[in-house]
Each structure stands twice: as C-alpha cells, then as structure tokens.
C-alpha cells in the first residue's frame with residue numbers, strides 16, 4: 001500500500017497519495033509514518049480528483065491502477 005508514493009517521499013519528494021479506497025489511503029499514510037516519512041493521502045477517484053489543477057507538477061498512476069482506469073473507460077460507453 002503506497003509503495004511508490006512512500007519511496008518517492010523517502011527520496012525527498014513532496015508527495016500526496018490517493019486511492020479510490022479511503023482505507024487504503026489511510027494505510028499508506030500509516031505505512032509511511034512507520035518509516036519516519038510523511039505521506040498525506042486521500043481517498044479519491046483518479047478520474048475525478050478534487051485538487052486544484054495547478055497544485056501538482058506530476059500525477060503518477062502506478063501498479064494496477066491503470067487497469068482500473070481502462071476498465072472504467074470501457075464501462076462508461
């Protein structure tokens with residue numbers, strides 16, 4: 001949970017994690033804390049993020065989340 005986000009945060013990047021599951025997002029933040037790192041995390045659907053558009057320099061989609069995105073595209077039409 002939060003493997004890439006935690007790794008990026010531990011490398012010194014300012015990171016905000018998200019997961020469609022608020023429970024998973026909270027677990028990622030907790031896993032970061034165990035590693036003496038800070039990871040703000042939110043339950044959010046990556047297709048409809050509620051963050052200000054210019055807040056981030058990069059949005060990274062990792063692991064199996066791309067598959068979920070593609071499945072969502074096929075089911076919408």
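Laboratory data are not the source of any read-out in this text; all were calculated from the coordinates shown. Computed from a predicted structure; not experimentally measured. All Cβ positions, even for glycine, are placed from backbone atoms using ideal geometry, and neighbour counts span all protein chains on display.
Data for the structure
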| read-out | value |
| --- | --- |
| Among 12-20, 32-40, 48-56, the order from most to least packed when residues are scored by Cβ within 10 Å on average | 12-20, 32-40, 48-56 |
| Relative contact order [Cα under 8 Å, 6+ residues apart], region 3-75, whole percent | 28 percent |
| 10, 1 arranged by Cβ crowding within 10 Å, fewest neighbours leading | 10, 1 |
| Diffusion constant of the chain at 10 °C, which comes from Stokes-Einstein with the Kirkwood Cα-pair radius and 1.306 mPa s, µm²/s | 121 µm²/s |
| Separation of the residue 59 and residue 21 label points, Cα + 7 Å toward Cβ, nm | 2.2 nm |
| Crossing angle, helix 22-34 versus the chain [Cα axis fit, 0-90 degrees, rounded to tens] | 20 degrees |
| Simple spin-label estimate for residue 38 and residue 50 in nanometres, 7 Å along Cα-Cβ | 2.2 nm |
